[in-house]
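Report on one structure; see the data block that follows.
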Amino acid sequence: MDQVIGNLYGIDFTLGGTLLELSYLLAALFFVIGLKLLSHPETARKGNIYAAGGMFLAIVTTLMFHKNAQGGGIAPANIFIILGALGVGSVIGWIMALRIKMTAMPQMVSFYNATGGAASALVALLEFPNADMNNLGSVLVTILGLVIGSIAFSGSMVAYGKLDGKVGDIFSGMMKYINIFLLLVIVAISVFIMTSGQTPEQLNWAIYLLLAVSLVYGVMFVMPIGGADMPVVISLLNSLTGIAATMAGFIYNNQAMILGGILVGAAGTILTILMCNAMNRSLLNVIIGAFGGGGASSGKDQVGDMKEITMSDASILLSYSKSVVIVPGYGLAVAQAQHACHELDVILSGKGVNVRYAIHPVAGRMPGHMNVLLAEADVPYNQLFEMDSINPDMPNTDVVMVIGANDVVNPAAITDPGSPIAGMPIINAHQAKNIIVMKRGRGKGYAGIENELFFDAKTRLLFGDAKNTLQTLVSEIKSL
Amino acid sequence: MEQILVYFFTYKEAIFIIALSVFLGIEVISHVPSVLHTPLMSGANAISGVIIIGGIILVGHSDASKFSLELILGIFAIIFATLNVVGGFVVTDRMLEMFKKKKK
């Protein structure tokens, strides 16, 4: 494999080196094809496997053929260590991925994104001592890899904590200024490192300071953003991790890393924008607006009370309806009630009721999350309707059953321009003839705002855990 | 200024790749239905674990005869990146498996 097979620009190249580059080209193609297939429902699973195959290929050929600048390959002792690290990471990653509940999927993705960011930051940190200080470009990519990787790491960890309910929203008007200040500090340290003319050894303190400030910035950047906007933030951080990997790719002039990283960077950015569109908000608004974190609040006081309904009344109402639409929200997922919900829809369908599900694009904690959860409970695909296709049918619907959803059915989005969610497209549950809302308690939704639908004259509430409530409802209907 | 131009020339192929990949990345996923946003994000996230190659190169060419801080941090970089790659692909597959089931 060390056999010289040609010469380019006066540099000999070997068979192994050529095979390595060829494998990187293949890996890059697999990434592109994988992403393409991932964006169609029928081919998505195959796409994921293609992308994984590309990654596997790149890892194996790097281990086999990679040479450093002096032409030295990877020594057996190092291969042993690397395989050990790969093994440990694979086992932990695999077990975590298999054990995680589908409801906790968003925080899992966020966690994995954090580890990717951490890896980029570590690689950049460890390569800094080898940087050629006379080559500003190479210093710049190392610094960018470190800064972006660190921000992606600490930001994703905060997002993970928020989705998991371990970290609350902390918001103060000051944070905006602190964040701008931190960004300026990051730029200042970077400029200093690039222009000081000192050796990497002398600049060691500066690079660790840069690491620390970037980590703090990542925390401060995500901290004030409300939980409801976390999917957008995760997508944004995901694209940052991709960009960090690209920067690290520049350090090694490694095409697979450069292409794989930038592909994710671009795809992540466009996905972020698509999600913002689904909520009718701009990205800037998400980052600065601090949705649900105590920003602008609707001054409207609610008149009237929430009116409860008894189980037997609810079961009669549902059983004698022609058309029922179920609006599932994250509350359903938290209570693991998707199976009980499917049971209810089967028994109602058996009585001749037309049961459909209305899925809001951001129902759950991520776009498409609710589809995954209902699919897990075997709800047939043709019963799931997107918001735009079911909304025109709402006035003809006898009963809308809102299970653990709140903001996605809040009419304030249409009626109250001062509301934080103003302009967000909603499922028009308020147009139905009857509305049954299942709720754990009288609290507000994820965005922290009052929902006038719950006080509507047509609305009746069933308080309690969604799973228990649904199970009781099913047995009530059976005994009718 | 001159240094930046020199850098551009040195890495011109890579910079071309970046410029074109940005459009490729946007084009490839711009028509994705919202149902697939979560799996796609998760799959893309796994691809961003390509930094694993960097970790392998780093540890591959470092001095393995003694346990330096550099080596240990490098090992952590590989472990973290592997978590990202393996966990990311497995989680994505689990999600997509559920979409497949309901077709029966």
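Across the range A:251-280, which residue is nearest to residue B:58 (Cα to Cα) among those that are surrounded by 24 or more Cβ atoms within 10 Å (Cβ to Cβ), touching a residue at least 60 places away in the same chain (Cβ under 8 Å) and facing chain B (nearest Cβ under 7 Å)? Can you show your working first?
If we filter the range A:251-280 for residues that are surrounded by 24 or more Cβ atoms within 10 Å (Cβ to Cβ), which is where we start, we get A:254, A:256-268, A:271, A:275, A:279.
Those still in the list that are touching a residue at least 60 places away in the same chain (Cβ under 8 Å) too: A:254, A:256, A:259-260, A:263, A:267, A:275, A:279.
Retained after the next criterion (residues that are facing chain B (nearest Cβ under 7 Å)): A:254, A:256, A:259-260, A:263, A:267, A:275.
Numbers: A:254: 12, A:256: 15, A:259: 19, A:260: 18, A:263: 23, A:267: 27, A:275: 36 Å.
Only one residue fits best here, namely A:254.
If you scan the range B:35-84, which residues turn out to be buried (at least 24 other Cβ atoms within 10 Å of the Cβ) and among the hydroxyl-bearing types (Ser, Thr, Tyr)?
B:38, B:42, B:48, B:82 - these are the residues of the range B:35-84 that are buried (at least 24 other Cβ atoms within 10 Å of the Cβ) and among the hydroxyl-bearing types (Ser, Thr, Tyr).
Residue under question is residue A:83, and the condition is that it be aliphatic (A, V, I, L, M), within 8 Å of chain B (Cβ to nearest Cβ) and closer than 26 Å to residue B:90 by Cβ; does it hold? Talk me through it step by step, then tell me what you get.
Details: aliphatic (A, V, I, L, M): yes; within 8 Å of chain B (Cβ to nearest Cβ): no; closer than 26 Å to residue B:90 by Cβ: yes.
For residue A:83, the condition - aliphatic (A, V, I, L, M), within 8 Å of chain B (Cβ to nearest Cβ) and closer than 26 Å to residue B:90 by Cβ - is not met.
Determine which single condition residue B:32 fails, assuming it passes every other condition in (1) among the β-branched types (Val, Ile, Thr); (2) touching a residue at least 24 places away in the same chain (Cβ under 8 Å); (3) more than 30 Å from residue A:85 (Cβ to Cβ).
Tallying (1) among the β-branched types (Val, Ile, Thr); (2) touching a residue at least 24 places away in the same chain (Cβ under 8 Å); (3) more than 30 Å from residue A:85 (Cβ to Cβ), residue B:32 fails exactly one: (2).
Pairs only if they're at least six apart or on different chains, beta carbon under 9 angstrom, first in the range A:320-333 and free of Cβ contacts under 8 Å to residues at least 24 places away in the same chain, second basic (Lys, Arg); list them, first residue then second.
A:320/A:351
Among the candidates A:220, A:230, which residue alone is away from chain B (no Cβ under 14 Å) and farther than 12 Å from residue A:152 by Cβ?
Numbers: A:230 fails: away from chain B (no Cβ under 14 Å).
After applying the criteria, what remains is A:220.
For the range A:90-122, what are the residues that are among the polar types (S, T, N, Q) and out of contact with any Ser or Thr (no Cβ under 8 Å at 6 or more places or on another chain)?
Taking the range A:90-122 and keeping what is among the polar types (S, T, N, Q), we get A:90, A:103, A:107, A:110, A:113, A:115, A:120.
Correct list: A:103, A:107, A:115.
Where residues in the range A:26-69 are more than 9 Å from every other protein chain (Cβ to nearest Cβ) and among the polar types (S, T, N, Q), which of them is nearest to residue A:253 (Cα to Cα)?
A:61
Scan the range A:351-372 residue by residue and report those that are assigned to a loop (DSSP other than H, G, I, E, B) and either under 15 Å from the mean Cα position of the chain (by Cα) or polar (S, T, N, Q) (or both).
Taking the range A:351-372 and keeping what is assigned to a loop (DSSP other than H, G, I, E, B), we get A:351-353, A:360-368.
Answer for the range A:351-372, where residues must be assigned to a loop (DSSP other than H, G, I, E, B) and either under 15 Å from the mean Cα position of the chain (by Cα) or polar (S, T, N, Q) (or both): A:361, A:362, A:363, A:364, A:365, A:366, A:367, A:368.
Residues of the range A:373-388 being part of a helix (DSSP H, G or I), surrounded by fewer than 24 Cβ atoms within 10 Å (Cβ to Cβ) and of a type in the set (A, V, I, L, M), which ones? Walk me through how you get there before you give the answer.
Step one: filter the range A:373-388 for residues part of a helix (DSSP H, G or I), giving A:373-376, A:381-383, A:387-388.
Filter again for surrounded by fewer than 24 Cβ atoms within 10 Å (Cβ to Cβ), leaving A:376, A:381-383, A:387-388.
Passing the criteria: only A:387.
Across the range A:86-126, what is the total count of residues that are more than 7 Å from chain B (Cβ to nearest Cβ) and not aliphatic (A, V, I, L, M)?
Of the residues in the range A:86-126, 9 are more than 7 Å from chain B (Cβ to nearest Cβ) and not aliphatic (A, V, I, L, M).
Quick check: is even one residue across the range A:167-182 over 26 Å from residue A:205 (Cβ atoms), free of Cβ contacts under 8 Å to residues at least 24 places away in the same chain and in a helix (DSSP H, G or I)?
Yes, the range A:167-182 contains at least one residue that is over 26 Å from residue A:205 (Cβ atoms), free of Cβ contacts under 8 Å to residues at least 24 places away in the same chain and in a helix (DSSP H, G or I).
For the range A:174-189, what are the residues that are modelled with pLDDT under 85 and surrounded by fewer than 16 Cβ atoms within 10 Å (Cβ to Cβ)?
Selection gives A:174, A:176, A:177.
So for the range A:389-406 (the condition being within 17 Å of residue A:364 (Cα to Cα), part of a helix (DSSP H, G or I) and modelled with pLDDT of 85 or more), does at least one residue qualify?
Scanning the range A:389-406 turns up no residue that is within 17 Å of residue A:364 (Cα to Cα), part of a helix (DSSP H, G or I) and modelled with pLDDT of 85 or more.
Is one or more of the residues making up the range B:4-22 farther than 21 Å from residue A:54 by Cβ and in the same structural domain as residue B:94 (by TED's automatic domain parsing)? Even if it seems obvious, please write down each step before you answer.
In the first step, residues of the range B:4-22 are kept if they are farther than 21 Å from residue A:54 by Cβ; the result is B:4-12, B:15, B:19.
Next, only the ones that are in the same structural domain as residue B:94 (by TED's automatic domain parsing) stay: none.
No, every residue in the range B:4-22 fails to be farther than 21 Å from residue A:54 by Cβ and in the same structural domain as residue B:94 (by TED's automatic domain parsing).
Take the conditions within 10 Å of chain B (Cβ to nearest Cβ) and either surrounded by fewer than 17 Cβ atoms within 10 Å (Cβ to Cβ) or not small (Gly, Ala, Ser) (or both) and apply them to residue A:151. Does it pass? Step through it out loud before you land on a result.
Details: within 10 Å of chain B (Cβ to nearest Cβ): no; either surrounded by fewer than 17 Cβ atoms within 10 Å (Cβ to Cβ) or not small (Gly, Ala, Ser) (or both): yes.
When the stated conditions are applied, residue A:151 does not pass them.
The values are calculated or read from the model by the stated rules, or taken from the named source; none is laboratory data. These figures come from a predicted structure and were not determined experimentally. All Cβ positions, even for glycine, are placed from backbone atoms using ideal geometry, and neighbour counts span all protein chains on display.
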